Amino acid sequence: MSDTVRKRLVLPKAARAELLAVQAVEDIGKRVAFPHDTLAEVKLAVVEACLNALEYGAGEVVVEVVAHPGDSAPWVEVAVEDHGPGFSPARVPRPALGAKLRARRKRGWGLELMRRLMDEVEISSQPGLTRVHMIRRWGGK
């Protein structure tokens with residue numbers, strides 16, 4: 001199996017829209033025989049990226065999922081784009097577990113989860129376009 005598999009979605013700003021992206025990851029991951037646990041981690045990272053884009057972006061969110069079957073080491077890449085105000089990823093503080101557990105609002109884990117669950121996470125952001133590009137290899141993490 002050597003053919004790249006690609007799926008592009010446009011998510012509406014609607015409740016549970018991120019689940020459309022999760023289904024796309026599930027479908028494509030199964031086509032390249034990703035292990036169940038690895039696929040679950042990719043799906044969680046995608047949920048976090050989509051929720052951030054849907055919350056902070058403007059309008060629709062574009063998600064592209066690409067599977068590269070490879071002969072021995074398949075990998076999946078996901079890009080999530082929104083058209084919001086942008087942000088500086090370097091300025092987002094890494095969450096401290098103790099402080100987050102004591103806080104009323106348990107938010108702020110998205111970027112950290114993406115970084116821990118995926119092999120590569122690259123974020124480019126400016127006003128009008130934020131793009132989160134993530135890669136997970138079959139034998140990664």
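Pair-distance distribution P(r) for the chain, from all Cα-Cα distances in 10 Å bins starting at 0: 12, 42, 33, 12, 1 percent. Projecting the Cα positions of Val61, Val76, Ile28 onto the charge dipole of the chain (unit charges on Cβ atoms of Lys, Arg, Asp and Glu, taken about the Cα centre) puts Val61 furthest along the positive direction. Counting only Cβ charges, +1 for Lys and Arg and -1 for Asp and Glu, the dipole size of the chain around its Cα centre is about 760 debye. Computed extension length for Asp37-Lys13: 5.8 nm, one decimal, from 0.36 nm per residue of separation with the Cα-Cα distance subtracted.
Every number in this text was worked out from the coordinates using simple rules, so none of it is lab data. Keep in mind it's a predicted model, so treat the numbers as computed, not measured. With ideal geometry, Cβ positions are generated from the backbone for all residues, glycine too; neighbour counts draw on all protein chains shown.
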